[in-house]
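In what follows, a single structure is set out as structure tokens and then discussed.
The values are calculated or read from the model by the stated rules, or taken from the named source; none is laboratory data. Keep in mind the model is a prediction, meaning the values are calculated, not measured. In this analysis, Cβ positions are derived from the backbone assuming ideal geometry, glycine residues included, and neighbour counts consider all displayed protein chains. Keep in mind that these areas ignore ligands, DNA and RNA; they rest on the heavy atoms of the full protein, side chains included. Shrake-Rupley method; radii C 1.70, N 1.55, O 1.52, S 1.80 Å.
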Amino acid sequence: MSSYTFAASASHDVKLGIYASSITYKEPGVMTEKGLMTGLKGQLSLRNNERAILLDLMYSEGDVDYDGSGKMNNVPDRILEVRGMLGRDLYLQSGYRVTPYIGLGYRNLNDNSKDMITTTNYIGYEREQVYWYSPIGIEILNGVLSGNWRLGARLEYDYFIAGRNHTYLSSIPGNNDLHFKQNSGSGYRMSVDFTRALSNITAVTIQPFYKHWDVKQSNTGISGGEVYVEPDNNSTEWGVGLLLSF
């Protein structure tokens, strides 16, 4: 075992890499979508005098299979997420750095089955979900190395601020687009970092992660003479990232 000393002066850390995940989206009693996503991820941390700025950027694409009003395979999905947090570094005698943080997050999911038809002849359409939320969490880093490996983790609750669901039904003759408001929900996520130093300035991180969202029913809208609503829904994502830090 060898000790690792945290930098007391201003420092920065940049992580860039790829990730893959399995995602499941459910509207209980209505429909389910499941699929695989692959994407890019970046994390930036800036530290000075025990103050921390944490920035995250994630983008992924993939295909999901729909099961609801019939079945439909290989629906294109993409997710963009941008987050910024402020934290305070606390250094423990046991060799851990603990950083409570709070910030602002933006998540955009686009699900596009436009011009696709289910097995029961329902016509697909494009749908966009936008979430604004406040990440409230804690980052933990072990300052003790064993065999050049270091362990870190994040545990987080996501306070739902507001959501918008844009349903582009105008692609179906006789219908108009709908824009729903979603005002209630919550999320949480966790990740673990297994980091191995490659040199004095670079390291590789294996990062398993888990994310979950629970969002309540929206207001109603009318299209083509019918009343629509975005029902209660939840999504779960499991994945792993491979990041290079410098």
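Below is a table of values for the structure above.
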quantity	calculated
Residue selected from the range 163-187 under the condition over 26 Å from Gly137 (Cβ atoms) and charged (D, E, K, R), by the criterion surrounded by the most Cβ atoms within 10 Å (Cβ to Cβ)	Asp177
First in the range 219-246 and over 26 Å from Asp158 (Cα atoms), second anywhere and buried (at least 16 other Cβ atoms within 10 Å of the Cβ) and aromatic (Phe, Trp, Tyr), Cβ under 6 Å, 6 or more apart	Gly221/Tyr228
Breaking point among (1) open to solvent by less than 20 Å² (accessible area, probe 1.4 Å); (2) out of contact with any Leu (no Cβ under 6 Å at 6 or more places or on another chain); (3) over 29 Å from His179 (Cα atoms), for Gly137	(2)
Matching option when the condition is among the hydroxyl-bearing types (Ser, Thr, Tyr), under 19 Å from the mean Cα position of the chain (by Cα) and on the phi < 0 side of the Ramachandran plot, among Ser21, Ser69, Ser11, Ser94	Ser21
Number of the condition not met by Gln129 [criteria: (1) open to solvent by 30 Å² or more (accessible area, probe 1.4 Å); (2) within 27 Å of Asn219 (Cα to Cα); (3) free of Cβ contacts under 8 Å to residues at least 40 places away in the same chain]	(1)
Unique match (being touching a Ser or Thr at 6+ places or on another chain (Cβ under 7 Å) and within 19 Å of Thr236 (Cα to Cα)) among Tyr106, Tyr159	Tyr159
Among residues of the range 145-186, those that are outside any strand (DSSP E or B) and farther than 30 Å from Met116 by Cβ, counted	4
Segments classed as strands (runs of 3 or more DSSP E), wholly inside the range 1-115, with at least 1 members that are free of Cβ contacts under 8 Å to residues at least 40 places away in the same chain and either open to solvent by less than 30 Å² (accessible area, probe 1.4 Å) or in contact with a Phe, Trp or Tyr (Cβ under 9 Å, 6 or more places away or on another chain) (or both)	31-48, 51-68, 70-88, 96-112
Considering residues of the range 188-245 that are within 26 Å of Glu61 (Cα to Cα) and of a type in the set (Phe, Trp, Tyr) only, the residue surrounded by the most Cβ atoms within 10 Å (Cβ to Cβ)	Trp213
Residue that is nearest to Asp89 (Cα to Cα), among those in the range 141-162 that are open to solvent by 40 Å² or more (accessible area, probe 1.4 Å) and either aromatic (Phe, Trp, Tyr) or at pLDDT 95 or above (or both)	Leu155
Complete set of residues in the range 110-142 that are among the basic types (Lys, Arg) and within 23 Å of the chain's Cα centre (by Cα)	Arg127
